[in-house]
Amino acid sequence: MRDGTSNAGPQVGKTIQRLRQAYNLSLGDLAEQSGVSKSIISQIERNEANPTLSTIWRLSQALDTTVEDVLKPDHDQNFMEGLAENTTPVIKSEDGLCTLRIHGPIDTVSWLQWYALEAEPGGVLESSPHPPGTLEHLTITQGTLKITVHGEERLGSAGETVRYRGDLPHRIECLGTSPAVAWMVLERKPRLTE
């Protein structure tokens, strides 16, 4: 590092752009939240500028991440990873009838998580509120689930997706006599008032 500038490679621009798009922020939104000009952010994303460490810090704060995460190198272009079933972390519901298999990588956990949900008949998965701005997307591939969010109920069957606020108390219950299977994605929207 020299003269207060980072020797960050092209991955910095790609990382900033990926995070900004994941939070559904325009260049103007990110400029307003970070105090970095829109034109500079655009140049960084196109790898036409080598941002100072101070600029990277301001952008990472606005994107709810760390400087380390923004600066860490990308995987090789031909990166491929496989995980055996027995290495996938598993969470069980209190009643033991619901299983969540964690499929999302650890480096996205602060803003994006995904799980495979398997629920036996009568199984209930109760959740406390997640951080503010969290949305859950539940795509049901088998069976019928009842989703209750802060007292409001909705039924979902195979082939349907139910989206709801994850930052309120919520529960998922398997109805009927057959198991239910679903994909669950948790998405954390940015906190615009920070």
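Summary table below
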item: Filter result for the condition that a residue is modelled with pLDDT of 95 or more and of a type outside the set (Val, Ile, Thr), over Arg171, Arg191; result: Arg171
item: Every residue from the range 96-139 that is part of a loop (DSSP other than H, G, I, E, B), small (Gly, Ala, Ser) and over 23 Å from Thr15 (Cα atoms); result: Gly96, Gly122, Gly123, Ser128
item: Qualifying residue in the range 48-59 (condition: crowded, with 19+ Cβ neighbours inside 10 Å and at pLDDT 90 or above); result: yes
item: Unmet requirement for Ala158, which otherwise passes all of (1) closer than 22 Å to Glu94 by Cβ; (2) among the aliphatic types (A, V, I, L, M); (3) at pLDDT 95 or above; result: (1)
item: Considering residues of the range 105-150 that are loosely packed, with under 15 Cβ neighbours inside 10 Å and among the small types (Gly, Ala, Ser) only, the residue modelled with the highest pLDDT; result: Gly122
item: Residue match in the range 103-112 (condition: more than 18 Å from Thr65 (Cα to Cα) and of a type in the set (Val, Ile, Thr)); result: no
item: Matching residues in the range 141-151 - criterion: being part of a strand (DSSP E or B) and in contact with a Ser or Thr (Cβ under 6 Å, 6 or more places away or on another chain); result: Thr144
item: Asp64 being among the acidic types (Asp, Glu), at pLDDT 80 or above and open to solvent by less than 70 Å² (accessible area, probe 1.4 Å); result: yes
item: Condition check for Asp29: surrounded by 15 or more Cβ atoms within 10 Å (Cβ to Cβ), modelled with pLDDT of 80 or more, assigned to a helix (DSSP H, G or I) and acidic (Asp, Glu); result: yes
item: Tally, over the range 157-179, of residues that are part of a strand (DSSP E or B) and under 17 Å from Trp114 (Cβ atoms); result: 6
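The values are calculated or read from the model by the stated rules, or taken from the named source; none is laboratory data. Bear in mind the structure is a predicted one, so any value in this text is a computation, not a measurement. Using ideal geometry, Cβ is built from the backbone for each residue, glycine included, and neighbour counts are taken over all protein chains shown. SASA here: full protein model, heavy atoms, side chains in, ligands and nucleic acids out. Shrake-Rupley method; radii C 1.70, N 1.55, O 1.52, S 1.80 Å.
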